[in-house]
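The values are calculated or read from the model by the stated rules, or taken from the named source; none is laboratory data. Quantities reported herein were computed from a predicted structural model and do not represent experimental measurements. Reconstructed Cβ throughout: ideal geometry from the backbone, glycine too, with neighbour counts over all protein chains shown. We work out accessible area using only protein heavy atoms, side chains counted, and drop any ligands, DNA or RNA first. Shrake-Rupley method; radii C 1.70, N 1.55, O 1.52, S 1.80 Å.
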Amino acid sequence: MTPAVFAAAALLALIDAGFAGFRDAAGRDGRVFKDELYRAAIRRGVRAGAFVMALASAWMASWVLGAGLRLEALAEAFALPAAIALGYAALMLSALAAWALGEADVRSLASLAVLGPFTLARPAVIVLMAAAGLARAPDLRTGVVLALPCLVQLGVGPWLGRRWSRRG
Amino acid sequence: MNTPTLGPEVHGRQAALAVELSRPMRPRERLEISDLIVDYDPRTLVRRPVRQAEVVRRLEASGDAWGARFVGALPAKDGVLDEATCDAILVRAHTELQRLSEEFLQVDRIRRILSPLLTALRSRQVPGPYRIVDVGCGTGYLVRALAAFGRLGRDVKLLGCDMNVALVRHARALADEEHLDCELFAANAFTLAEPAHVFLSTGVLHHVRGDELARFFEGQRAAQAFIHFDTQPSWLSPIGSWIFHQARMREPLVRHDGVVSAARTHSRATLLRAAASTGFTCRSFDGASSWWEVLVRPLHAVIGVRAELFPTFEGALGPLAARLAEPS
């Protein structure tokens, strides 16, 4: 069960980072045909997400291997944050499927009722995950070990956006 | 600042924008910053300097402290707003706004009305080629996307007009880059040498205020039809607009104007009353009567078609004809 929980979390984090890459590119290029631009942006997001995930994994591994933190305790405490993430991802991916497959009215509904508001709510959802990790952890140390990687995920978007800031 | 004199033939978004600065303020009327920071003479298209203090004063008078601070922080020389900075902001703003059209499939929505309209023009043997002109086209996304995906026919010419030279220059560069068969002009859409058969716009009507609205429609009398989309007038629109712009847009100006524009949108009755001056058969399209419909169709349209073309157009619309509504 433990590896499955962390594997699911890693997958969700990568998907989230891919969308962060898309959002980073969206609205910056006025061309009509932007498929390749968006594909490249999503790849960039996934790469950034993989880097963040590697850092998070190293952070957690250092506590498990170096400080004797129990992996089972981490996984147990992570069940609630993982459930929040799964619920959020299910909602967003369903809306995205409706947007991708639907005609104009369905797309508008998916955008206005789900994709827009819940993209806006994403930072709050991640903070909620971190808080849930802290609350469910058997001790503060385990909670912090769990919460920090959640919060670092918030930095993927701004990190990707820094190259636009540099360009002015 | 000089008050421009607008003849009945001078209309369009930028024309309306040009008078925005000099018109007396209605009490607490909310203003869009994009209407205030550039100014073109609607007759000559010559750019006029915009005094920063005047824009700040107008925004403050409208109760918009944030907007006043935003404009107050823009670079200026001798009290005149820096044109290059304002142009760059507006190009970025229009590029971001393109997302609205992309996400709501606005081109598809327009194409589904344009195609029956073209069927009516052809079947009534109105001589072509049919010139479809996007009024206040900004960076020309609508025209460029119609050129890319519209499949409207070889007898159709797509044109976009805007008085903002910087936006049109950007639009042309984008069209050239993608080899799109459309023309973009820094011009008044209503005074083109070759007049339009069909006028289009998206998100322009709410910029045209007061008496200018009737003149905006009067300027289209020589055409065969018009299709003008704008945000649904609803209590939900400003809220939805705020959420959408916060989630999707980065430019502070876009976030500000997006909400203000949703609050300034005209009612269906106002639009149909103003459109009636053309003498066309005018209908509201996708006018929402509940909050649910606003979510499904965030934009509505006012459509006007010459009376002799209307029955063919309505027939060619098929099931979409049920979404037309007569003036009440």
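Candidates A:LEU96, A:LEU112: the one that is part of a helix (DSSP H, G or I), modelled with pLDDT of 90 or more and closer than 16 Å to A:LEU12 by Cα is A:LEU96. The set of residues in the stretch B:57-87 being open to solvent by 60 Å² or more (accessible area, probe 1.4 Å) and closer than 10 Å to B:ILE33 by Cβ consists of B:TRP66 alone.
In this structure, does B:ALA263 turn out to be of a type in the set (A, V, I, L, M, F, W, C) and touching a residue at least 60 places away in the same chain (Cβ under 8 Å)? First the steps, then the outcome.
Details: of a type in the set (A, V, I, L, M, F, W, C): yes; touching a residue at least 60 places away in the same chain (Cβ under 8 Å): yes.
It is true that B:ALA263 is of a type in the set (A, V, I, L, M, F, W, C) and touching a residue at least 60 places away in the same chain (Cβ under 8 Å).
Looking across the stretch A:65-78 at every residue that is in a helix (DSSP H, G or I) and open to solvent by 40 Å² or more (accessible area, probe 1.4 Å), the one that is nearest to A:GLY133 (Cα to Cα) is identified as A:GLU76. Residue-level check: of (1) part of a loop (DSSP other than H, G, I, E, B); (2) open to solvent by 40 Å² or more (accessible area, probe 1.4 Å), A:SER62 misses just (1).
The helices (runs of 4 or more DSSP H) falling completely within the stretch B:257-328 that include 1 or more residues that are under 18 Å from B:SER234 (Cα atoms) map to B:268-275, B:291-296. Of note, B:ARG172 satisfies the criterion of being open to solvent by 50 Å² or more (accessible area, probe 1.4 Å), of a type in the set (Lys, Arg) and at pLDDT 95 or above. Hey, any hits in the stretch B:130-144 for a residue that's part of a helix (DSSP H, G or I), touching an Asp or Glu at 6+ places or on another chain (Cβ under 8 Å), buried (at least 21 other Cβ atoms within 10 Å of the Cβ) and among the aliphatic types (A, V, I, L, M)? Yes, some residue in the stretch B:130-144 is part of a helix (DSSP H, G or I), touching an Asp or Glu at 6+ places or on another chain (Cβ under 8 Å), buried (at least 21 other Cβ atoms within 10 Å of the Cβ) and among the aliphatic types (A, V, I, L, M). Residue count for the stretch B:135-163 under the criterion of being away from chain A (no Cβ under 14 Å) and closer than 22 Å to B:SER34 by Cα: the result is 4.
Starting from residues that are among the aliphatic types (A, V, I, L, M) and exposed (fewer than 14 other Cβ atoms within 10 Å of the Cβ), keep the ones in the stretch B:30-56 and report whichever is farthest from B:GLY219 (Cα to Cα). Even if it seems obvious, please write down each step before you answer.
Of all residues in the stretch B:30-56, those among the aliphatic types (A, V, I, L, M) come to B:31, B:33, B:36-38, B:45-46, B:50, B:53, B:55-56.
Next, from what is left, pick out any that are exposed (fewer than 14 other Cβ atoms within 10 Å of the Cβ): B:46, B:53.
On the way: B:VAL46: 21, B:ALA53: 33 Å.
Among them, the one singled out is B:ALA53.
Quick check: anything in the stretch A:111-122 touching a helix residue (DSSP H, G or I) at 6+ places or on another chain (Cβ under 9 Å), open to solvent by 30 Å² or more (accessible area, probe 1.4 Å) and under 30 Å from B:ALA175 (Cβ atoms)? Yes, some residue in the stretch A:111-122 is touching a helix residue (DSSP H, G or I) at 6+ places or on another chain (Cβ under 9 Å), open to solvent by 30 Å² or more (accessible area, probe 1.4 Å) and under 30 Å from B:ALA175 (Cβ atoms).
Taken residue by residue, the stretch B:177-196 has at least one member that is within 14 Å of chain A (Cβ to nearest Cβ), open to solvent by 10 Å² or more (accessible area, probe 1.4 Å), assigned to a helix (DSSP H, G or I) and among the acidic types (Asp, Glu). For the stretch B:88-114, give me each residue that is over 24 Å from B:VAL165 (Cα atoms), surrounded by 19 or more Cβ atoms within 10 Å (Cβ to Cβ) and at the interface with chain A (Cβ under 7 Å from one of its Cβ atoms). Hits for the stretch B:88-114 are B:GLU103, B:PHE104, B:LEU105, B:ARG109. Scanning the stretch B:297-313 for residues that are open to solvent by 20 Å² or more (accessible area, probe 1.4 Å) and farther than 25 Å from B:ALA214 by Cβ gives B:ARG297, B:PRO311, B:THR312.
So which residues in the stretch B:114-129 are over 15 Å from B:LEU158 (Cα atoms), touching a helix residue (DSSP H, G or I) at 6+ places or on another chain (Cβ under 8 Å) and assigned to a helix (DSSP H, G or I), if there are any at all? Can you show your working first?
First pass over the stretch B:114-129, keeping only residues over 15 Å from B:LEU158 (Cα atoms): B:116, B:119-127.
Adding the requirement that they be touching a helix residue (DSSP H, G or I) at 6+ places or on another chain (Cβ under 8 Å) leaves B:116, B:119-120, B:123-124.
Of everything in the stretch B:114-129, those that are over 15 Å from B:LEU158 (Cα atoms), touching a helix residue (DSSP H, G or I) at 6+ places or on another chain (Cβ under 8 Å) and assigned to a helix (DSSP H, G or I) turn out to be B:PRO116, B:THR119, B:ALA120, B:SER123.
Of everything listed in (1) open to solvent by 60 Å² or more (accessible area, probe 1.4 Å); (2) over 18 Å from B:PHE229 (Cβ atoms), the single unmet condition for B:SER277 is (1).
Within the stretch A:32-53, can you find the residues that are open to solvent by 60 Å² or more (accessible area, probe 1.4 Å) and either within 14 Å of chain B (Cβ to nearest Cβ) or aliphatic (A, V, I, L, M) (or both)?
Once the filter is applied, which keeps residues that are open to solvent by 60 Å² or more (accessible area, probe 1.4 Å) and either within 14 Å of chain B (Cβ to nearest Cβ) or aliphatic (A, V, I, L, M) (or both), the stretch A:32-53 yields A:PHE33, A:ASP35, A:GLU36, A:ILE42.
Among all positions in the stretch B:235-248, there is at least one residue which is more than 14 Å from every other protein chain (Cβ to nearest Cβ), open to solvent by 20 Å² or more (accessible area, probe 1.4 Å) and either within 19 Å of A:PHE118 (Cα to Cα) or aromatic (Phe, Trp, Tyr) (or both).
Only one entry in A:PRO117, A:PRO123, A:PRO81 is closer than 22 Å to A:ALA54 by Cα, within 14 Å of chain B (Cβ to nearest Cβ) and in a helix (DSSP H, G or I), namely A:PRO123.
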